[in-house]
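Engineer: Handing you this structure, nothing more for now.
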Amino acid sequence: MTSKSLQSFLDENIADLKERGLYNEIDPVQGPNGPIITINGKKLINLSSNNYLGLATDERLKKVAKEAVDSHGVGAGAVRTINGTLDLHLALEKKLAEFKGTEAVISFQSGFNCNMAAISAVMDKNDAILSDQLNHASIIDGCRLSKAKIIPFNHSDMDDLRKKAKEAVDSGDYNKIMVITDGVFSMDGDVAKLPEIVEIAEEFDLITYVDDAHGSGVLGKGAGTVKHFGLQDKIDFQMGTLSKAIGVVGGYVAGKGDLIDWLKVRSRPFLFSTAVTPADAAAATKAVELLMESTELNEKLWENADYLKEGLKNLGFDIGDSETPITPCVIGDEKDTQKFSKKLNEAGVYAKSIVFPTVPRGTGRVRNMPSAAHTKEMLDDAIAIYEKVGKEMGLI
Ligand SMILES: *Cc1c(COP(=O)(O)O)cnc(C)c1O
């Protein structure tokens with residue numbers, strides 16, 4: 001029997017979301033999440049997944065994943081600190097450390113989990129965290145869990161960061177102070193000003209933490225935002241995910257050996273949640289190997305991104321100031337944005353609308369995620385559909 005208070009909570013809140021058009025209906029994908037997806041039996045050009053390099057369906061990854069099931073089974077069997085650390089997890093961490101150019105790496109079950117784990121393993125109620133206002137939800141939750149004082153700074157505003165860092169230091173209230181930022185911001189595709197952040201961090205002795213979920217596999221010829229700026233020795237925590245460009249699932253922190261040693265004894269999801277499966281670990285390791293061997297997929301990603309951006313811009317769409325393959329198409333009004341996305345879908349393009357509260361009011365956009373797996377024909381078709389729907393709605 002459901003409690004009356006729970007039932008009335010659910011009834012009221014679900015009705016409220018539906019009324020405000022904020023209740024997200026999930027569209028299940030039938031089959032693989034590749035450049036073309038099937039939803040409700042209909043084939044659509046997929047411009048919504050984070051599978052930047054097309055590795056989620058790569059034959060080489062599928063092969064090693066199947067082999068890992070045969071050699072190691074389907075589950076890790078325990079948390080990492082009991083006996084769930086398999087040789088496959090260590091191989092993944094070794095490969096990631098080479099990839100990132102750091103002394104060591106610890107891997108987790110997801111990128112979200114990583115931020116829940118790593119921030120609170122180091123920061124506590126006597127500390128402060130300077131956090132970019134547009135940081136990802138998992139950073140915000142990770143910071144909250146640590147109980148440190150959270151001091152937001154205006155998005156990528158280095159004067160504001162310097163001012164708040166100085167105030168925090170001068171107050172004498174905190175033992176440690178961290179600055180934390182996304183490497184690439186997922187809604188606009190802009191890149192964090194890491195060289196200036198590092199300069200400010202050095203001036204005020206801040207701990208530096210970069211969440212590179214959207215940068216790894218994309219920037220720095222695939223090695224990420226930190227490598228893009230040549231700052232491997234200057235960032236304490238390089239956090240990344242194995243679920244976006246890497247195409248599998250999992251997360252990691254790369255850094256100095258003693259930091260990683262500490263995370264292995266103090267980060268709670270590592271101690272209390274079972275490790276990723278053998279197939280996940282093997283497939284992710286293979287993906288990293290492929291990225292280290294060749295920049296072909298990375299180059300293809302950028303080529304496709306430039307092509308799509310150029311096409312949409314030439315049609316007269318506002319594609320914002322993205323510096324990465326993330327290609328927003330800014331419509332503005334929330335209702336128009338949702339309608340546009342729905343019409344694109346009906347015409348054969350799957351591109352999600354993103355509106356307030358995920359982005360500021362009046363900046364609703366349809367976000368496009370081109371990948372290395374798209375062909376030029378697919379992108380041409382997508383651009384033609386954008387033109388047709390854009391003209392129908394009087395947007396261009
Ligand atoms: C997607 C994302 C995450 C979460 O990564 P998962 O591996 O999907 O849990 C964390 N941080 C940022 C910035 C992200 O974009």
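The values are calculated or read from the model by the stated rules, or taken from the named source; none is laboratory data. From a predicted model like this one, the values you see are computed outputs, not experimental measurements. Because the Cβ atoms are built from the backbone with ideal geometry, glycine has one as well, and the counts that use them run over all protein chains shown. Side chains included, ligands, DNA and RNA excluded: accessible areas come from the protein's heavy atoms. Shrake-Rupley method; radii C 1.70, N 1.55, O 1.52, S 1.80 Å.
Engineer: Over what distance in Å are the Cα centres of region 71-117 and region 1-23 separated?
Structural biologist: Comparing the Cα centres of region 71-117 and region 1-23, I get a distance of 39 Å.
Engineer: Can you tell me the dipole magnitude for the chain around its Cα centre, using point charges on the Cβ only (Lys, Arg +1; Asp, Glu -1), in Debye to the nearest 20?
Structural biologist: Computed charge dipole of the chain: roughly 980 debye.
Engineer: In square angstrom, rounded to the nearest 10, how much accessible surface does LEU145 have for a 1.4 Å probe?
Structural biologist: About 90 Å², rounded to the nearest 10.
Engineer: How large is the accessible surface of PHE356 in square angstrom, using a 1.4 angstrom probe and rounding to the nearest 10?
Structural biologist: Only protein atoms counted, so the area is about 80 Å².
Engineer: May I ask which residue of ALA68, MET158, ASN113 lies farthest towards the positive end of the charge dipole of region 59-293, with charges of +1 (Lys, Arg) and -1 (Asp, Glu) on Cβ and the Cα centre as origin?
Structural biologist: It is ALA68, whose Cα lies furthest towards the positive end.
Engineer: Hey, another quick one. Could you give me the percent of Cα pairs per 20 Å distance bin for the chain, shortest bin first, beginning at zero and ending with the bin that holds the maximum distance?
Structural biologist: Using 20 Å bins, I get a P(r) of 26, 56, 18, 0 for the chain.
Engineer: Given an 8 Å cut-off on Cα distances and at least 6 residues of separation, report the relative contact order of region 59-293 as a percent. Numbers along the way, then the final one.
Structural biologist: Details: 478 pairs, mean separation 75.1, N = 235.
Value for region 59-293: 32 percent.
Engineer: How high is the FRET efficiency from ASP157 to LYS18, r the C-beta distance, R0 35 Å, rounded to 0.05?
Structural biologist: Computed FRET efficiency for ASP157 and LYS18 comes out at 0.45.
Engineer: If PHE229, PHE340, PHE112, PHE272 are ordered by their accessible area, calculated over protein heavy atoms with a 1.4 Å probe, which sequence runs from highest to lowest?
Structural biologist: Details: PHE229 70, PHE340 0, PHE112 95, PHE272 145 Å².
Ranked list, largest accessible area first: PHE272, PHE112, PHE229, PHE340.
Engineer: Whole number please: convex hull volume per residue of the Cα set in region 44-117, in Å³?
Structural biologist: Convex hull volume per residue, Cα atoms: 151 Å³.
Engineer: Continuing with this model, one more query. Give me the three principal axis extents of region 291-396 from the C-alpha atoms, as integers in angstrom, largest value leading.
Structural biologist: Extents along the principal axes: 45, 28, 22 Å.
Engineer: For HIS228, what accessible area in Å² do you get when you roll a 1.4 Å probe over the heavy atoms of the protein chains, rounding to the nearest 10?
Structural biologist: Approximately 90 Å² for this residue.
Engineer: I would also like to ask the following. Along region 343-356, what does the Karplus equation 6.51 cos²θ - 1.76 cosθ + 1.60 (θ = phi - 60°) give for ³J(HN,Hα), rounded to whole Hz, x for Gly and Pro?
Structural biologist: With coefficients 6.51, -1.76 and 1.60, one gets 5, 4, 4, 4, 8, x, 10, 9, 9, 7, 7, 10, 10, 3 Hz.
Engineer: Mind listing the long-range amide H neighbours of ILE129? Cut-off is under 5 Å, sequence gap 5 or more, other chains count too, H placed in the peptide plane at 1.01 Å from N.
Structural biologist: LYS149, ILE150, ILE151, MET178
Engineer: While we're looking at this one, here's another question. Which ³J(HN,Hα) values, rounded to whole Hz and listed in residue order, are derived for region 317-325 from phi using the Karplus coefficients 6.51, -1.76 and 1.60 in 6.51 cos²θ - 1.76 cosθ + 1.60 with θ = phi - 60°, glycine and proline given as x?
Structural biologist: Couplings: 7, 8, 9, x, 10, 4, 10, 9, x Hz.
Engineer: Highest mean first, what order results for 14-24, 251-261 on Cβ atoms within 10 Å?
Structural biologist: Per-residue mean Cβ counts within 10 Å order the peptides as 251-261, 14-24.
Engineer: Take PHE237, PHE9 and sort them by solvent-accessible surface of the protein heavy atoms, 1.4 Å probe, largest at the top. Spell out each step's value before the answer.
Structural biologist: Working: PHE237 5, PHE9 115 Å².
Order by accessible area, largest first: PHE9, PHE237.
Engineer: In Å, the Kirkwood hydrodynamic radius of region 59-293 over pairs of distinct alpha carbons?
Structural biologist: The answer is 17.8 Å.
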